[in-house]
Amino acid sequence: MQDLIDSIRKFAEERDWEQFHSPKNLSMALTVEAGELMEYMQWLTEEESRNLPPDKLAQVEDEIGDVMIYLFRIADQLDINPLEAAQKKLVKNAGKYPVENAKGNALKYTEFK
């Protein structure tokens with residue numbers, strides 16, 4: 001992971017993009033890329049979204065790459081380890097969504113009885 005972050009940082013530095021890569025700007029770019037990813041799923045059935053044809057799958061792969069690049073770039077700018085952040089969040093979510101309340105439903109934790 002650190003090699004990827006270093007490669008992304010070098011890519012930006014070589015192009016003198018540091019001046020544009022504030023966390024604010026990067027978060028907006030991340031949202032744009034996530035929207036582009038979502039665009040490929042729009043209007044598909046659940047089944048179609050799980051079985052994309054090879055050409056669409058390749059396009060989705062590109063968008064996932066863009067999302068990851070921007071996400072890692074934000075993390076780098078804020079000195080956050082994205083894997084550690086995900087692990088911490090998973091622990092928090094386990095507390096919010098205990099198996100006995102969350103299994104088999106899509107309720108938000110605030111809706112549990």
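A few points about this structure:
- The lysines whose alpha-carbon is closer than 22 Å to the alpha-carbon of LYS108, local same-chain residues fewer than 8 away aside, are LYS88, LYS89, LYS92, LYS96.
- Selected from ALA85, ALA75, ALA94 as most flexible by GNM, with the chain as the system and alpha-carbon contacts under 10 Å: ALA94
- Gained length - LYS108 relative to LYS24, 0.36 nm times residue gap less alpha-carbon distance: 27.4 nm
- Relative to its residue count, region 30-73 spans a Cα convex hull of 61 Å³ per residue.
- Backbone HN-Hα couplings from phi across region 15-20 [Karplus 6.51/-1.76/1.60, Hz, Gly and Pro as x]: 9, 6, 9, 3, 4, 9
- Think of it as helices only: each DSSP H run of n ≥ 4 in the chain is worth -39500 (n - 2.57), and spread over all residues that comes to -22500 deg cm²/dmol at 222 nm.
- Partner lysines whose Cα lies under 27 Å from the Cα of LYS10, excluding those fewer than 8 positions away in the same chain, are identified as LYS24.
- Here the Karplus relation 6.51 cos²θ - 1.76 cosθ + 1.60, evaluated at θ = phi - 60°, turns the backbone of region 63-77 into coupling constants of 5, 4, x, 4, 4, 5, 4, 5, 4, 5, 5, 4, 4, 5, 4 Hz, with x for every Gly and Pro.
- Coil-residue chymotrypsin sites (Phe, Trp or Tyr not before Pro) of region 27-113, DSSP, other Cβ within 10 Å capped at 10: TRP43
- In the chain, Rg over Rh equals 1.05, where Rg is the alpha-carbon radius of gyration and Rh the Kirkwood radius from pairwise Cα distances.
- Shown is the FRET efficiency for LYS56 and ASN93, computed with R0 = 30 Å from the Cβ-Cβ distance and rounded to the nearest 0.05: 0.50.
- Over the C-alpha trace of region 1-62, radius of gyration and Dmax come out as 15.5, 43 angstrom.
- Choice from PRO54, PRO23, PRO82 with maximal GNM fluctuation in the chain (Cα, 10 Å cutoff): PRO54
Every number here is computed from the coordinates shown, using simple stated rules; none is lab data. Because the structure is predicted, anything quoted here is derived from the model rather than measured. Counting neighbours? That spans all protein chains shown, and the Cβs are built from the backbone with ideal geometry, glycine included.
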